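All remarks here apply to the structure that follows.
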Amino acid sequence: MNILRMLKIAAILLALPGIVLPQSRVLASEQKVSSFTVKLVKPNSILDARLNKDGAFTGRTIEHDGTPVVGAIVVVKRGQTEIGQSVTDEHGNFAVGNLKSGVYEVSSGATTGSYRLWTEGTAPPSAKPHGLLVLGQNGTRGQYGLTETIFGSNLGLILLVTTTALSAAALAVSIGAENLAHEAKNIAKQSKSP
């Protein structure tokens, strides 16, 4: 009986790292994984983004593998009128200033997308603090910002620690419940004995 219990515990402990560790961390040695989550959107959709307090739209350009695109020209248009442009820095970041609320077309290379920009005070909760342009053959755009603006780059570590703690607590409760059930069976057997 104890061998079976030990095998259960060993199986749980062996499975725990696969459940707890994010897959991107496990695969990081094999392929480059970006440090932020990309939310891909359907073509012709409009994404909501917040302007910073200076009225600048900020974002990042990356390749499909997460590598920042350095020196890319990002153009912001309203209708057919070019409002501003920026060149990305060594991290792929760009900023186009002096913008007002409204719908803008943002493009770099083959990637073009529409963003509804909001001032800080009027932005809906769904509006992200940054835009994201994923450059490549077809071009993709998205949003990023939650993990980097609230938690910094430590969100993965926070999630890992939290998930590990919750998993350990669940394992402890499971083992405790099994011990109680085992003790209850022993007490029941002893009470039936003459």
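General remarks:
- Candidates Val69, Val38, Val33, filtered to the one that is at pLDDT 85 or above and farther than 30 Å from Ala172 by Cα: Val69
Yes or no, residue by residue, for (1) modelled with pLDDT under 90; (2) among the hydroxyl-bearing types (Ser, Thr, Tyr):
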| site | (1), (2) |
| --- | --- |
| Lys42 | yes, no |
| Lys53 | yes, no |
| Val74 | no, no |
| Thr88 | no, yes |
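- Note on the range 123-137: residues that are modelled with pLDDT of 85 or more and either aliphatic (A, V, I, L, M) or in contact with a His (Cβ under 7 Å, 6 or more places away or on another chain) (or both) total 4.
- Pro194 being loosely packed, with under 10 Cβ neighbours inside 10 Å, modelled with pLDDT under 75, out of contact with any helix residue (DSSP H, G or I) (no Cβ under 6 Å at 6 or more places or on another chain) and outside any helix (DSSP H, G or I): yes
- Residue identified as farther than 21 Å from Gly92 by Cβ, in contact with a helix residue (DSSP H, G or I) (Cβ under 9 Å, 6 or more places away or on another chain) and at pLDDT below 75 among Thr163, Thr147: Thr163
- Counting the residues of the range 49-68 that are loosely packed, with under 14 Cβ neighbours inside 10 Å and within 19 Å of Ile83 (Cα to Cα) gives 2.
The values are calculated or read from the model by the stated rules, or taken from the named source; none is laboratory data. Because the structure is predicted, anything quoted here is derived from the model rather than measured. Cβ sites come from the backbone with ideal geometry, for glycine too, and all protein chains shown count toward neighbours.
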